[in-house]
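The values are calculated or read from the model by the stated rules, or taken from the named source; none is laboratory data. These numbers were taken from a predicted model, which means no experiment stands behind them. Cβ atoms come from the backbone with ideal geometry, glycine included; neighbour counts cover every protein chain shown. Note: accessible area is taken over every heavy atom of the protein model, side chains too, but ligands, DNA and RNA are not part of it. Shrake-Rupley method; radii C 1.70, N 1.55, O 1.52, S 1.80 Å.
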Amino acid sequence: NAGVTQTPKFQVLKTGQSMTLQCAQDMNHEYMSWYRQDPGMGLRLIHYSVGAGITDQGEVPNGYNVSRSTTEDFPLRLLSAAPSQTSVYFCASRAGLMNTEAFFGQGTRLTVV
Amino acid sequence: AQSVTQLDSQVPVFEEAPVELRCNYSSSVSVYLFWYVQYPNQGLQLLLKYLSGSTLVKGINGFEAEFNKSQTSFHLRKPSVHISDTAEYFCAVSDNTETNFGNEKLTFGTGTRLTIIP
């Protein structure tokens, strides 16, 4: 079972470059989200989606863009990378009910120089 | 809106000793509570969850947690730890009210790094 797949696993960007972090799930989950993990700050929600065509901002959305054209995919776009976006990014999906567990991808370690 | 506090950023414990990782939450509505574990260089996986009913919930790998509504706590415990328990542990909360847009969000604490000393 693939679960939640994130690509790439590692990425180095120069300041000002743009890129897309990919996230795909094969569990037909309605709810998908992106988090960033920074030392001492836990996981902070960037953007989330409750279904195809529906997205909203989380706690730290600035500098990121998302769209959800299919149930399976939820890409995260960095519009103009900044060193402050150096982080580990996790994509997660849930079945859409508040009492269900979230399934996480393996993460993307992004460094912006 | 909810918040989660994990006061201990690091907890060192000798192998085979008991451990308790503390979690307190704040919310204006009823909540569901979760503990996730993150092993080095991996994503998070669910340890256990409290939805309703018995306040003592058991999870994988011998962990358990107790929900205390009056103290708004959900502390994680294990009676005897092993080297393989070395990981970071995250407490998380989710809204328990009727499904509305945005109520599906999980709010995480800042994590507790558990280090097992041989």
How about the stretch A:4-43: which strands (runs of 3 or more DSSP E) wholly inside it have at least 1 residues that are in contact (Cβ under 8 Å) with a residue 12 or more places away in the chain and buried (at least 20 other Cβ atoms within 10 Å of the Cβ)?
-> A:4-7, A:19-25, A:31-38
Before we move on, is B:Ala65 open to solvent by less than 20 Å² (accessible area, probe 1.4 Å) and more than 10 Å from chain A (Cβ to nearest Cβ)?
-> yes
Looking only at the stretch A:65-88, count how many residues are in contact with a Cys (Cβ under 8 Å, 6 or more places away or on another chain) and acidic (Asp, Glu).
-> 1
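Condition check ((1) out of contact with any Lys or Arg (no Cβ under 9 Å at 6 or more places or on another chain); (2) open to solvent by 50 Å² or more (accessible area, probe 1.4 Å)) across all residues:
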{"residue": "A:Gly51", "(1), (2)": "no, no"}
{"residue": "A:Gly63", "(1), (2)": "yes, no"}
{"residue": "A:Glu72", "(1), (2)": "yes, yes"}
{"residue": "A:Ala82", "(1), (2)": "yes, no"}
{"residue": "A:Thr100", "(1), (2)": "no, no"}
Any chance the stretch A:46-63 includes a residue that's of a type in the set (A, V, I, L, M, F, W, C), closer than 23 Å to B:Gln42 by Cβ and within 10 Å of the chain's Cα centre (by Cα)?
-> yes
What number of residues in the stretch B:31-53 are modelled with pLDDT under 90 and either among the aliphatic types (A, V, I, L, M) or assigned to a loop (DSSP other than H, G, I, E, B) (or both)?
-> 8
Say we look at the stretch B:17-45 and pick out the residues that are under 19 Å from A:Gln106 (Cβ atoms) and free of Cβ contacts under 8 Å to residues at least 40 places away in the same chain; which of these is surrounded by the fewest Cβ atoms within 10 Å (Cβ to Cβ)?
-> B:Asn41
Report yes if B:Cys91 is hydrophobic (A, V, I, L, M, F, W, C), within 10 Å of another protein chain (Cβ to nearest Cβ) and open to solvent by less than 10 Å² (accessible area, probe 1.4 Å), otherwise no.
-> yes
Scan (1) in a strand (DSSP E or B); (2) touching a Lys or Arg at 6+ places or on another chain (Cβ under 9 Å); (3) not small (Gly, Ala, Ser) for the single condition A:Cys91 breaks and write down its number.
-> (2)
